[in-house]
1. Of all the residues that make up segment 67-96, how many are within 12 Å of ligand 1 (Cβ to nearest atom) and free of Cβ contacts under 8 Å to residues at least 24 places away in the same chain?
2. Restricting to segment 136-150, what's the tally of residues that are open to solvent by less than 40 Å² (accessible area, probe 1.4 Å), under 20 Å from the mean Cα position of the chain (by Cα) and not hydrophobic (A, V, I, L, M, F, W, C)?
3. Would you pick out the residues in segment 25-55 that are under 14 Å from Ala91 (Cα atoms), of a type in the set (Ser, Thr, Tyr) and more than 13 Å from ligand 1 (Cβ to nearest atom)?
4. Can you tell me which residues in segment 214-245 are farther than 12 Å from Ile200 by Cβ, open to solvent by 10 Å² or more (accessible area, probe 1.4 Å) and in contact (Cβ under 8 Å) with a residue 60 or more places away in the chain?
5. Identify the residue in segment 41-66 that is part of a strand (DSSP E or B) and either out of contact with any strand residue (DSSP E or B) (no Cβ under 8 Å at 6 or more places or on another chain) or more than 10 Å from ligand 2 (Cβ to nearest atom) (or both) and, among all such residues, is most open to solvent (accessible area, probe 1.4 Å).
6. When you check Gly38 against the structure, is it more than 21 Å from Ile126 (Cβ to Cβ), open to solvent by less than 80 Å² (accessible area, probe 1.4 Å), modelled with pLDDT under 95 and within 16 Å of ligand 2 (Cβ to nearest atom), yes or no?
7. Would you be able to tell me the number of residues in segment 149-170 that are under 28 Å from Glu19 (Cα atoms) and either outside any loop (DSSP other than H, G, I, E, B) or in contact (Cβ under 8 Å) with a residue 60 or more places away in the chain (or both)?
8. Among (1) part of a strand (DSSP E or B); (2) surrounded by 14 or more Cβ atoms within 10 Å (Cβ to Cβ), there is one condition Gly32 misses while meeting the rest; what is its number?
Amino acid sequence: MNDRMLCWKISEIIKLSLENTMRSGRAHEIVGEGQLGGTTHYLDKVAENAVIDYITKHELPVEFVSEEIGRLNFGNEYTIYLDPIDGSNNALSGLPFYCTSIALFRKEKQYGLVRNLVWDEWFEGISYYGSLLNGKPLKQQLHSQMISVYTKKGRYIDELRQSYNKMRCLGSVALELCYVAKGSLLALVDIRDKVRTTDIAAGKVVLENVGGVITDLNGEILDMDAEHMNIVAGCNPKIHKKIINILKE
Ligand code: IPD
Ligand code: CA
């Protein structure tokens, strides 16, 4: 199975698991703390376990990094960064905006799949090739004036509002990165010292392979090994630079 098929298979396992846990009436139960931070709900854990079962059964030689369990070493041929359900709180509260985020990194190439779990929509990023939306080349449409902002204590809100007064915060960073890639959001800023690699690995591949840019607050390359990050993502280098300059003021 190639990388793309494997990630799609994982997304199917998660989608099915989510449908079952939603029906079970137990989805909201808190079952622990994620190794990478945040509360683990029953729906997150069951979905992740289903993927781990698949990896074990098929003896996949993967270094597996996932939101709830952290890092598991089954091999070292490639690394999968998984957020089984990004936007769990949206899912649990009946807000229809959540996804699964799956990135498969090899030394020489990267693949990212962000699959919307509410309606039929999936974004793919393929290094040295480009990005796709529902299997077709992703084309940016730049009619939006909106940016998505996650902050704490109101940090930078006033500064950003002077240039962008239409702000959003939709509750699934992985999916929002893909909407930046599409141009539906001009940018995404998350400055809570909270973002983990599992949240953004797949969305980053989608964004970068359509000409978008994602960095830290200083405009520097992200340290994907860091436990927590601040991120600035722009649909193109010009908008990204403009936001970095606003944050420097
Ligand atoms: C959450 C989403 C959300 C962000 C939270 C994350 P999760 O992921 O990415 O956009 O605001 O900080 O925890 O926990 O639902 O996978
Ligand atoms: Ca999650």
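The values are calculated or read from the model by the stated rules, or taken from the named source; none is laboratory data. Keep in mind that this is a model prediction, so the values were computed, not measured. Ideal geometry is used to build each Cβ from the backbone, glycine not excepted, and the neighbour counts take in all protein chains shown. Heavy atoms of the whole protein, side chains included, go into the accessibility calculation; ligands, DNA and RNA do not. Shrake-Rupley method; radii C 1.70, N 1.55, O 1.52, S 1.80 Å.
1. Total meeting the criteria: 1.
2. Taking segment 136-150 and keeping what is open to solvent by less than 40 Å² (accessible area, probe 1.4 Å), we get 138, 144, 147-150.
Next, from what is left, pick out any that are under 20 Å from the mean Cα position of the chain (by Cα): 138, 147-150.
Now drop any that are not not hydrophobic (A, V, I, L, M, F, W, C), which leaves 148, 150.
Number satisfying all stated conditions: 2.
3. The one that is under 14 Å from Ala91 (Cα atoms), of a type in the set (Ser, Thr, Tyr) and more than 13 Å from ligand 1 (Cβ to nearest atom): Tyr42.
4. Glu227, Asn236, Lys242
5. Glu63
6. It is true that Gly38 is more than 21 Å from Ile126 (Cβ to Cβ), open to solvent by less than 80 Å² (accessible area, probe 1.4 Å), modelled with pLDDT under 95 and within 16 Å of ligand 2 (Cβ to nearest atom).
7. Step one: filter segment 149-170 for residues under 28 Å from Glu19 (Cα atoms), giving 168-170.
Applying the additional criterion that residues be either outside any loop (DSSP other than H, G, I, E, B) or in contact (Cβ under 8 Å) with a residue 60 or more places away in the chain (or both) yields 168, 170.
Number of matching residues: 2.
8. That leaves (2) as the condition not met.
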